[in-house]
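Worksheet for the structure shown next.
The values are calculated or read from the model by the stated rules, or taken from the named source; none is laboratory data. Since this is a predicted model, take the numbers as computed values, not measurements. Cβ placement follows ideal geometry from the backbone for every residue including glycine, while neighbour counts extend to all protein chains displayed. Only protein heavy atoms, including side chains, enter the accessible area calculation; ligands, DNA and RNA are left aside. Shrake-Rupley method; radii C 1.70, N 1.55, O 1.52, S 1.80 Å.
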Amino acid sequence: TRPATPRAAALLLLCSAPWAAAFGLVAPTAPLPIVTLRPQSAPAIFSRSVLPWARAHSAARSRCGLQPMMLEGGPPPEPTLEEEVFGDMAGGLSALDKALQRMPSMAVGVTANTLIAASAVLAWLITPSRVPALVTVGVASAASKRVGDRLKQRRRDTVPAAIAEMILQSGVKDLSLVKVEELAQRLDVPPDVFEEQLRKIYGEFLQAIAEDEDVTSAQVSKLAALRRNLGLKWNVTEGVHESKARDLIGSGAALTADNMPAPLGKLLWASMSLFATSKGRATGDGLVEAMGLSPSQAAGVVNELSAPLYKSALGQALGKYNRTEMPGVLQTVRRALNLSEAAAQAVHNDVYDSQLALILPTGSRTAVFDDESKELLSELEGGLQLRSAAQRVQARTVPLYRLAAADLLTQPASVANPNGAWAELAVRQQGLALGTDRAKAVLQEEARRIATEKLTAAAQLMADGREDAAVAAMEDVVGFSDLVGNLVQ
């Protein structure tokens, strides 16, 4: 038999080598305080005898109407979307993962080789002498090689967490592409594996944006910055978007623009808005096809989500740019939001109509369309490049003039003083800036409507056998006809 003492010495020396190489760079940590090892269910501040007094004191404060005291500065702010996504990604590393991440590639190789050698010697030491040494060493070396390969793979798997930490430190927009590429070299990650890891990082952030209820253009900007700073090509980016769409669709019913879940609609909006900045290198056709939508349906979903953002940007632009600068600015915003021209024009019409409603409220008997209002709407019309401003103005002024005509035609005093009624109508027509021909047509239409109502009422009285009332109603119709004739002339 071989002596045991030299073997034991060799065993201790060789077994300690890989662990020293693996963890020699890790700084020792202080032991946890004893208080942190206590069960969470048992408070460490108050004893059980104090708790009844604390509850009674809290109840007394409530009865007195005293509110709980707030810390100065209020509660901490809510974490941003990227802080949630990349914080979870960076927080999934164990102590071993962090140690492997910090180790140089040479140290990992030395650790793996030392582990193979140590395992072979250990197997030779503890295996009975009747087993051939070559078999023993070979089996142990193969098993240790697998362990070493797993250590290397585990080190490569820390790439997403490492990039997430870089994003948390610098932000998505300031993430360095150079440092991202250096990370692949430092951790010895093959190009195909590294690209798959980048796809995973981008996909996690894309899914978080799709599931977020808020719709902001800043989300698309951050998504574009992440794609650019990760070095993802447009065809790879399109593939990630299509894959996420298929994951969200699952095996459910066929999609339409009406029954589309909110995350899918948000994904489509963010994708098409992002692809609009690719200068034709990404079209989104594959994504639309994966969702089973027609191009017009997809455009409708995008327009629905982009229209409120465009309206908000339009309001800011109105207060900042003049009528000559506005068209170019709005065209840039529309392209950034991937909003169709028809949808943008609908927003313009809505904004113009809203301003008209403030100047000429529905049902108002005193509102006027004066020079100041005309100048304001003219500036707005030029900036929005409206094609139907005159028709939209008349859509507000004609009902107001019709209301004034109905009031005068139904007043008994107007029959006795047709000249006064005509003067009032002329003032109202001028206040609403309504043309003579249009005002005359409105007056005739309203007079015809009222005359028809009076004749119908007289006929009904005659049918009911109330001849005296019917004769009086007909006399009223005759007087009304004289009034209308005088006003029209």
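Points worth noting:
- Test: residue in the range 222-239 that is at pLDDT 90 or above, under 19 Å from Leu293 (Cα atoms) and in contact with a helix residue (DSSP H, G or I) (Cβ under 9 Å, 6 or more places away or on another chain): yes
- The set of residues in the range 421-440 that are out of contact with any Phe, Trp or Tyr (no Cβ under 9 Å at 6 or more places or on another chain) and open to solvent by 30 Å² or more (accessible area, probe 1.4 Å) comprises Trp422, Ala423, Glu424, Ala426, Val427, Gln430, Gly435, Thr436, Asp437, Lys440.
- From the list Ala459, Ala469, Ala439, the lone residue that is modelled with pLDDT of 75 or more, assigned to a helix (DSSP H, G or I), small (Gly, Ala, Ser) and within 60 Å of the chain's Cα centre (by Cα) is Ala439.
Let's see how each residue does on (1) open to solvent by less than 20 Å² (accessible area, probe 1.4 Å); (2) of a type outside the set (Lys, Arg); (3) modelled with pLDDT of 90 or more:
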{"site": "Arg130", "(1), (2), (3)": "no, no, no"}
{"site": "Arg146", "(1), (2), (3)": "no, no, no"}
{"site": "Asp149", "(1), (2), (3)": "no, yes, no"}
{"site": "Ala161", "(1), (2), (3)": "yes, yes, no"}
{"site": "Val180", "(1), (2), (3)": "yes, yes, yes"}
{"site": "Asp188", "(1), (2), (3)": "no, yes, no"}
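- Leu461 being farther than 19 Å from Leu360 by Cβ, of a type in the set (A, V, I, L, M, F, W, C) and surrounded by fewer than 15 Cβ atoms within 10 Å (Cβ to Cβ): no
- Hey, Glu304 within 16 Å of Arg335 (Cα to Cα), of a type in the set (Asp, Glu), surrounded by 13 or more Cβ atoms within 10 Å (Cβ to Cβ) and in contact with a helix residue (DSSP H, G or I) (Cβ under 9 Å, 6 or more places away or on another chain) or not: yes
- Subset of the range 389-403 [of a type outside the set (A, V, I, L, M) and either surrounded by 13 or more Cβ atoms within 10 Å (Cβ to Cβ) or outside any helix (DSSP H, G or I) (or both)]: Arg392, Gln394, Arg396, Thr397, Pro399, Tyr401, Arg402
- Inter-residue pairs, beta-carbon under 6 Å, first touching a residue at least 60 places away in the same chain (Cβ under 8 Å) and within 20 Å of Arg428 (Cβ to Cβ) and in the range 383-407, second buried (at least 16 other Cβ atoms within 10 Å of the Cβ) and not hydrophobic (A, V, I, L, M, F, W, C), 6+ apart: none
- Any hit, the range 291-304, residues being at pLDDT 90 or above, of a type in the set (Asp, Glu) and closer than 22 Å to Thr216 by Cβ: yes
- Considering Ala357, Ala343, the condition of being closer than 25 Å to Ser217 by Cβ and in a helix (DSSP H, G or I) is satisfied by Ala343 alone.
- Exclusive hit being among the aliphatic types (A, V, I, L, M) and modelled with pLDDT under 85, set Leu377, Leu409, Leu403: Leu409
- For the range 322-350, the tally of residues that are surrounded by fewer than 18 Cβ atoms within 10 Å (Cβ to Cβ) and closer than 14 Å to Gln385 by Cα stands at 14.
- Among the residues of the range 241-273, the ones that are more than 21 Å from Ser294 (Cβ to Cβ) and buried (at least 22 other Cβ atoms within 10 Å of the Cβ) come to 0 in all.
- Restricting Arg438, Arg392 to residues that are more than 26 Å from Gln345 (Cα to Cα) and of a type outside the set (Phe, Trp, Tyr) narrows the list to Arg438.
- Arg227 being of a type in the set (Lys, Arg), in contact with a Phe, Trp or Tyr (Cβ under 6 Å, 6 or more places away or on another chain) and in contact (Cβ under 8 Å) with a residue 12 or more places away in the chain: no
- Scanning the range 367-388 for residues that are in contact with a Lys or Arg (Cβ under 7 Å, 6 or more places away or on another chain) and surrounded by 15 or more Cβ atoms within 10 Å (Cβ to Cβ) returns Gly382, Gly383.
- Among the residues of the range 230-245, those that are farther than 23 Å from Ser306 by Cα and in contact (Cβ under 8 Å) with a residue 12 or more places away in the chain comprise Leu230, Gly231, Leu232, Asn235, Val236, Gly239, Ser243.
- So Asp188, is it among the acidic types (Asp, Glu), touching a residue at least 60 places away in the same chain (Cβ under 8 Å) and either under 29 Å from Met260 (Cβ atoms) or in a loop (DSSP other than H, G, I, E, B) (or both): yes
- Of all residues making up the range 300-334, the number that are in a helix (DSSP H, G or I) and over 17 Å from the mean Cα position of the chain (by Cα): 12
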